[in-house]
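Read the structure below first, then the notes.
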Amino acid sequence: MTRIGRLYELQQVDSRLVRLESSLATLDDGSSLRTQLTQARSAEEASRAEVNSRQTRLRDLELELQTTVAKATRVEQDLYSGRTSNPKELRAMQEDVESLTRQRQRLEDQMLTLMEEVERLGDQVRTLEAERQGKERALDEHLEDYTSRQRALTADLEATRRQREVLVAEVDPELLRRYDRLRDRKGGVAVTTVSGSICGACHMTVPEALLGAAEGSDDVHTCEDCGRILYVPSR
Ligand SMILES: [Zn+2]
């Protein structure tokens, strides 16, 4: 293999390192799915809190209803006990019973409304719960996938770095410095192949004479347009 051929191998390894590092850096760690899950949890909790507050209110109304019913029963018993025949007192007791009956009706109506709301909100909680569970599963699956991708990319990266170390040791230091400088200036690509007579990097035509000189050569020949080192293997 020529010096330029070896340098081209190094270029391929370096380009691969750049791709692997970029893939690793842009790997989705599931943060958007995690945000979605947090939102789903909040929505579910808010819905549960609404159910709980209505259930608390229902228990309060239930106690109030029991008190009202007991009171009405006492007044009615008193009313029909024959304890008094005073018309004014009897009328007052009658009015008490009517008022307590209206109060009881009002309480029962409120409770019915609350029970309907609890039922509707219960459906909502179940829907939100299923959504939250779905998002938990999606995140778990994603993280599993993420971890295996990360592991594979890291292994590939380490193997490629070791490959680079071996190659670099085989390249003449002066040529390596020139290669590094060129890579810095040329977007990471210092050595390029030629396709037909077209520079593989800048896509301009390489003159026949230059192509002939570069072919199979151990010396550095650069593209007249982009300045990159041309790698032209012997045919
Ligand atoms: Zn070029």
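Below is a table of values for the structure above.
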| quantity | calculated |
| --- | --- |
| Rg to Rh quotient for the stretch 79-158, alpha carbon positions, Kirkwood Rh | 1.72 |
| HN-Hα J in Hz across the stretch 204-217 - Karplus 6.51, -1.76, 1.60, θ = phi - 60°, x for Gly and Pro | 9, 6, 9, x, 3, 4, 5, 4, x, 5, 6, 4, x, 8 |
| Estimated inter-spin distance, residue 215 and residue 156, nm [label 7 Å along Cα→Cβ] | 3.6 |
| Reach of residue 135 by Cα under 20 Å, taken over aspartates and glutamates that are not fewer than 8 positions away in the same chain | 28, 29, 44, 45, 123, 144, 145 |
| Order of exposure, largest accessible area first, which applies to 223, 202 with probe 1.4 Å | 202, 223 |
| Share of carbon and sulfur in the accessible heavy-atom surface of the stretch 25-167 [1.4 Å probe, %] | 48 |
| Exposure of residue 232 as accessible area (Å², to 10), given a probe of 1.4 Å and all protein chains | 20 |
| Where N is the number of residues in the chain, Cα Rg divided by 2.2 N^0.38 Å | 2.41 |
| Amide H contacts under 5 Å for residue 198, placed H, 5+ residues apart | 206 |
| Nonlocal amide H pairs with residue 231, under 5 Å, H built at 1.01 Å | 192, 193, 194 |
| Surrounding net charge for residue 204, when Lys and Arg each add one and Asp and Glu each subtract one, Cβ distance under 15 Å | -1 |
| Per residue accessible area of the stretch 25-167, 1.4 Å probe, in Å² | 69 |
| Neighbourhood charge, 12 Å Cβ-Cβ cut-off, centred on residue 54 and excluding it, Lys, Arg +1 and Asp, Glu -1 | -1 |
| Modelled FRET efficiency - R0 41 Å, residue 105 with residue 39, Cβ distances, 0.05 increments | 0.45 |
| R0 of 41 Å, Cβ-Cβ distance residue 174-residue 29: FRET efficiency to nearest 0.05 | 0.45 |
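The values are calculated or read from the model by the stated rules, or taken from the named source; none is laboratory data. Keep in mind the model is a prediction, meaning the values are calculated, not measured. Don't worry about glycine lacking a Cβ; one is built from the backbone with ideal geometry, like all the others, and counts go over all protein chains shown. We work out accessible area using only protein heavy atoms, side chains counted, and drop any ligands, DNA or RNA first. Shrake-Rupley method; radii C 1.70, N 1.55, O 1.52, S 1.80 Å.
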